[in-house]
Amino acid sequence: MFLHSNMKIQTIALSLSILLILSCSSPSRRSVPVVGFLDLLQDETLEQAKKGFFVALKDSGFDPLEKSLDVIYRNAQNDQPTLLQACDYLISQKVDLIATNPTLSTITAIQKTSQIPVFMMVSPRPDIAGLTDKEGHAPMNLFGTYETLDYIDTAVMLVKTVIPSVKKIGTIYNQAEPQSVDALKRIEKICADLGIELLKQPVNNSNETQLVVASLLQNKVDAFFALPDNTVFSSMEVIVKSCDEAHVPVFTSEEGLVKRGAVAAFGADMFQWGYQSGAQAASALKKKSYLGMNPELVKVRRKVYNAEKAMKFALQFDSTFTAVK
């Protein structure tokens, strides 16, 4: 009986020791903040936002190289099951906040946690993303920076300004992405107001892009408009190649896509978009509080053009445009 009790005491002591060791290395005992970054896919446009986010953190004194911040980065490579697993992993690590880039990452994180603060970027306003409740309130743990669809109007009017004779614009959209469908509705309205015929085709994934774009180009469109959706982001080079061969300029609302071959855009500066979200996240980490914080409208938009493509299509841009490389 005594031996049995002694063994029991030893077992309990060993268990407590193990728990003590685990607690010392657990996320709750970390000495610096831990940021989880949830990226949907590898993309040059999204990369600019991610870069801006971390530059903002560094500017506020949170730098992994200086050991004042830990970062857990996950990229889903445009795969939904992988995105879900990546989000679950970040949550399991009890990160202090999750940065999400772009919309689908934001939606996934909000669906997965109501406790960990989520800082979005390259995402639409919460109600457009379907993230508000019946009263129109955004989730209490949602922060960061969003865009509305207002800039779509200016981006489409840009086509009319640069190519006054435009009669037909072609575009593709992903029916499974809310922001893509909403952007399509917006472009349909502005095209109708401007007397421009919009030819549209749905795509389900980037593997279909080449054939669908080729089909649109057979209709002799005057320009192609690249909508802000993940299918376009992941297959922009295919779109540009097909349009270049058909001598059809590509316009867009995303500055990063101009760097990848579109001729011009009006929209958010991707780096600044990420920077704005990062600055808000840094402020929260410094104060160790999220009181008074709300999702913010993106502040920096501009008109940009690709000088090489402008020359190719003999298009002129005035001094209100900035050339990007």
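What net charge is computed for the residues neighbouring residue 172, neighbours being all others with C-beta under 10 Å from the C-beta of residue 172, Lys and Arg scored +1, Asp and Glu -1? So the surrounding residues net to -1. Rounded to the nearest angstrom and listed largest first, the equivalent-ellipsoid semi-axes of the stretch 256-308 from its Cα gyration tensor are 31, 10, 6.
In terms of overall dimensions, the stretch 106-204 has a Cα radius of gyration and Dmax of 16.3, 53 angstrom.
Short to long, the 5 Å bins of the Cα pair-distance histogram for the stretch 205-244 hold 5, 25, 38, 24, 8, 0 percent of all pairs. One chain, two ends: residue 288 and residue 165. Fully extended at 0.36 nm per residue, the span grows by 38.7 nm beyond their Cα-Cα distance. Each stretch of four or more DSSP H residues adds -39500 (n - 2.57); spread over every residue of the chain, this sum gives -14000 deg cm²/dmol at 222 nm.
Count Lys and Arg as plus one, Asp and Glu as minus one, and take only other residues whose Cβ is under 15 Å from that of residue 156; the net charge is then +1. Working from the Cα coordinates of the chain, the gyration tensor eigenvalues give, after taking √(5λ), semi-axes of 46, 20, 17 Å in decreasing order. Residues whose amide H lies under 5 Å from that of residue 73, counting only those 5 or more places away or on a different chain, are 37; hydrogens are built 1.01 Å from N in the peptide plane.
Read-outs: derived from the displayed coordinates by stated rules, not from any lab. None of the values given here were measured: they were computed from a predicted structure. No Cβ is skipped: glycine too gets one built from the backbone with ideal geometry, and neighbour counts run over all protein chains shown.
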